[in-house]
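Presented below is the structure to which this report refers.
The values are calculated or read from the model by the stated rules, or taken from the named source; none is laboratory data. Just so it is clear, the structure is predicted and the values come from calculations on it, not from any experiment. As a convention, Cβ positions derive from the backbone with ideal geometry for all residues, glycine included, and neighbour counts pool all protein chains shown. Calculation scope for accessible area: heavy atoms of the full protein, side chains included, ligands and nucleic acids excluded. Shrake-Rupley method; radii C 1.70, N 1.55, O 1.52, S 1.80 Å.
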Amino acid sequence: MAAWRQSGSRVVALCLVELQKLRHDRKELYTRAIQPALWLLIFGETFSRLHAIPTSVPYLDYLAPGILAQSVLFISIFYGIQIIWERDAGVLAKLMATPTPRFALVTGKAFAAGVRALVQGVVVLILAAVLGVALTANPLRLLAVAVVVILSAAFFSTLSIVLAGIVLSRERLMGIGQAITMPLFFASNALYPVALMPGWVRAISKVNPLSYEVDALRGLLLDRPAAIGTDLAVLVVAAGVGITVAASLLPRLTR
Amino acid sequence: MSVPAAVSIRDLRVLFGDTIAVEGVDLEVAPGEVFGLLGPNGAGKTTTIRVLTTLLPATSGSAGVFGVDVARHPMDVRRLLGFVPQQLSADAALTGRENVSLFARLFDVPRRTRPAVVGEMLETMGLGESADRLVSTYSGGMIRRLELAQALVNRPRLLVLDEPTIGLDPIARSSVWERIERLREETGMTVLLTTHYLDEADALCDRVALMHRARLRALGTPDGLKADLGPDATLEDVFRHHTGDTLEAGGDMRNVRQTRRTASRLG
């Protein structure tokens, strides 16, 4: 019991640091808002007019949760770069020499990425609301949206830490991150319904955690039917596996 | 029952692939001592420290801190330690106070006393005025003192410093030395530091161990080691006498980290 409380306090401490960093430097928050704004404004508005993608709600509404998920993905998938920086700067060694279990350290980092993604997500949702997307105002649903965002960020950031633990260099992680974000994004339901995909892409989408994230976000934000239970279960398991594997690779980073 | 040694290392051996980083090291540091591991880059000093700080498993042999084995009880050992790595390792995106607070949390300093303890550590290290500035505006010497504040927030029984003044200008160096001196006077804390600066070992350490090519070559007080060689001997002479090498020349493993990475890449 004491061990759990201790780990919990470590996770809180590391999340707090992330918030402090965000408070000191808001520039990143704004620059990271540019890309989702462009997706919503240009891609969203254009495809709304083209009516090329059959959706049950206006296309911009359909797209907004997908862009939120994309934002979370972009923030998290490069999180490992920070870990490699911390490793090169000796910060990671110092953290690992404190009485913090590896598991708690990685969980803290994963949820810190979640905190960052959540703040960014608020910006994206405000953008979407300004563009006229009919978002839910139900506080419970919004709370669930926050949970989905944090779990997804936890998964993708630990995936990034795992990759960092394998390649051990910022440059290579950058390359790999870029190589996998687009396939993850396009082989998901973020931009278009799964039914429109060729069979093999649909198969990838089925094992792509991003699809479950988008499904949950879309269901919650637009008040549409979605398999929220399954989505949450997949995300919890994915984040759990990510944290476990990343924690086992952590000592490799300080050797 | 006798008081356990602050540090006790027995027949320590660390291999990276085929590279021998540390071989047959036996070492004992008494409580309250300031002990220096002196040697050129790549001698195995940092590797020894990494084993002691629970960051690296030993290939064979054992290491303990105040009688607690680092391999068997790493969490307990970490509670006894304050550690400052070689690199300037504070987080530049946070203020000095936030950096120290983070470590106070990670060491379970109780919430009620935390702000006071953090403030006191910053004051002690002469950072009271700049505590709420971002570390990105700090000088190298200030960052090093901030790291000392981070390491001390736990009131550790053993302070481990890996090359505490590497890359610092002379003024910053002497200010770091001064803090270490004052610390031991006021708290009687045990300090283990590595250095490849002879003057640093001379100025700070009660005893030094000369390390060269993964092995300990000599052990004693700086004055004792010098006296053994003759009235005018310097530590540099002592080092040359025991290793047949100069400190600046360095060992075969000038860059162990590089070797280590290569070794891990090659599996």
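Below is a table of values for the structure above.
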read-out: Selected residue (only one of B:Met121, B:Met75 is within 14 Å of chain A (Cβ to nearest Cβ) and hydrophobic (A, V, I, L, M, F, W, C)); value: B:Met75
read-out: Of the criteria (1) away from chain A (no Cβ under 11 Å); (2) assigned to a helix (DSSP H, G or I); (3) charged (D, E, K, R), which one B:Arg155 fails; value: (2)
read-out: Selected residue (criterion: farthest from B:Leu134 (Cα to Cα)) from residues of region B:78-91 that are in contact with a strand residue (DSSP E or B) (Cβ under 8 Å, 6 or more places away or on another chain), more than 7 Å from chain A (Cβ to nearest Cβ) and crowded, with 22+ Cβ neighbours inside 10 Å; value: B:Gly82
read-out: Hits in region A:200-255 - residues which are assigned to a helix (DSSP H, G or I), farther than 28 Å from A:Gly108 by Cβ and out of contact with any helix residue (DSSP H, G or I) (no Cβ under 7 Å at 6 or more places or on another chain); value: A:Trp200, A:Val201, A:Ala203, A:Ile204, A:Lys206
read-out: Among (1) away from every other protein chain (no Cβ under 14 Å); (2) in contact with a Pro (Cβ under 7 Å, 6 or more places away or on another chain); (3) without any contact (Cβ under 8 Å) to a residue 60 or more places away in the chain, the one test that A:Val124 misses; value: (3)
read-out: Residue within region A:166-177 that is surrounded by 20 or more Cβ atoms within 10 Å (Cβ to Cβ) and under 25 Å from A:Tyr62 (Cα atoms) present; value: no
read-out: In region A:199-255, residue most open to solvent (accessible area, probe 1.4 Å) [restricted to those that are within 14 Å of chain B (Cβ to nearest Cβ) and of a type in the set (A, V, I, L, M, F, W, C)]; value: A:Leu249
read-out: Residue among A:Gly80, A:Gly66 that is more than 14 Å from every other protein chain (Cβ to nearest Cβ), within 25 Å of B:Val84 (Cα to Cα) and either buried (at least 22 other Cβ atoms within 10 Å of the Cβ) or among the polar types (S, T, N, Q) (or both); value: A:Gly80
read-out: Sole residue being open to solvent by 10 Å² or more (accessible area, probe 1.4 Å), touching a residue at least 40 places away in the same chain (Cβ under 8 Å) and not β-branched (Val, Ile, Thr), chosen from B:Phe107, B:Phe35; value: B:Phe107
read-out: Residue in region B:168-189 that is assigned to a strand (DSSP E or B) and in contact with a helix residue (DSSP H, G or I) (Cβ under 7 Å, 6 or more places away or on another chain) present; value: no
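Listed here are the residues, each with its yes/no results for (1) at pLDDT below 90; (2) out of contact with any His (no Cβ under 8 Å at 6 or more places or on another chain); (3) buried (at least 21 other Cβ atoms within 10 Å of the Cβ).
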position: B:Ala149; (1), (2), (3): no, yes, yes
position: B:Thr165; (1), (2), (3): no, yes, yes
position: B:Glu178; (1), (2), (3): no, yes, no
position: B:Thr194; (1), (2), (3): no, yes, yes
position: B:Leu219; (1), (2), (3): no, yes, no
position: B:Gly230; (1), (2), (3): yes, yes, no
position: B:Thr234; (1), (2), (3): yes, yes, no
position: B:Ala249; (1), (2), (3): yes, yes, no
